[in-house]
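Heads up: the structure comes next, in structure tokens.
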Amino acid sequence: MFDYDYARYEMIELHLARRGIKDTRVLKAMWLVPREAFVEHGFEAFAYEDSALPIAEGQTISQPYIVARMAEAVEIEGTDSVLEVGAGSGYACAVLSHLAGQVSGIERHAALAARATERLSALGRRNVEILTGDGTKGWPEKAPFDAIIVSAGVPAVPTSLKDQLKVGGRLVIPVEHEERSQRLIRVTRVAANRYEEEDLGGVLFVPLIGEEGWSEDPGHTNLYIRKAFPS
Ligand code: SAM
């Protein structure tokens, strides 16, 4: 029988700790979440490879290293209220639920949101709630947040998400840099009207589609063109 615990241990050692993830709370949270419960049926044996994997609706479950990197970068404390935009399979929400007091996830596809909710509840994660909707507008009823993680790429940082950060709050988000290239940006709200930005390096995410993200145009060969180069 496949030894998931050993595979998870190896993933943490080889793909996370040796590649620079230092926060022991994050490493422990990655240990506590069985990623095999979040991948599609038939992909369980690949759950601890450090890669994104396909899920329903043409989306992906994020690569473990990136989930850990974002969780570390957003510096979550035990009582924090955290928002994840682009909840997908629910895996990152499960990891965040071991780090934060309350986790709110938003997913655009209702079927993914429903499945994520089922998985999180089966694992007994009581401090996570997933909403179906356009996460580019955030979740005003749950705001303000201590930390926001966006798990899909945007053309520019959505104003609604910046507005929903507490003063001192952190937002980690992949932002389009040049066509087909993204940078992971950490935005810190240092005062009511002042934000600081840091570039954490190159990343590759699916697009965040919505009012303050990319527009969806399935007939177009390049989803990004209309937002990047408005006429
Ligand atoms: N973090 C997820 C996980 O652990 O499985 C994976 C996220 S996947 C890389 C990005 C997700 O963002 C997709 O499930 C996609 O449907 C979702 N998404 C795209 N645009 C969105 C929007 N405006 N609001 C909410 N979710 C969105």
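The values are calculated or read from the model by the stated rules, or taken from the named source; none is laboratory data. Quick caveat, the model's predicted, so the values are computed rather than measured. Note that we place each Cβ from the backbone using ideal geometry, even for glycine, and neighbour counts take in every protein chain shown.
Within region 127-150, the set of residues being touching an Asp or Glu at 6+ places or on another chain (Cβ under 6 Å) and closer than 15 Å to residue 175 by Cα comprises 136, 149. Would you call residue 226 modelled with pLDDT of 50 or more and either of a type outside the set (A, V, I, L, M) or within 21 Å of residue 162 (Cα to Cα) (or both)? So residue 226 fails the test. Could you please find all residues in region 141-200 being of a type in the set (Val, Ile, Thr) and at pLDDT below 95? Residues satisfying the conditions do not exist here.
All of 74, 82, 26, 67 fail the test of being touching a Lys or Arg at 6+ places or on another chain (Cβ under 7 Å), closer than 18 Å to residue 171 by Cα and not polar (S, T, N, Q), apart from 74. In region 65-85, which residue that is in contact with a helix residue (DSSP H, G or I) (Cβ under 6 Å, 6 or more places away or on another chain) and within 12 Å of the ligand (Cβ to nearest atom) is nearest to residue 214 (Cα to Cα)? By that ranking, first place goes to 85. Condition first: within 15 Å of the ligand (Cβ to nearest atom) and among the acidic types (Asp, Glu). Now tell me which residues in region 9-43 satisfy that. The answer is 36, 40.
Considering region 97-109, the residues that are farther than 13 Å from residue 135 by Cβ and in contact with a strand residue (DSSP E or B) (Cβ under 9 Å, 6 or more places away or on another chain) include one that is farthest from the ligand (Cβ to nearest atom), namely 101.
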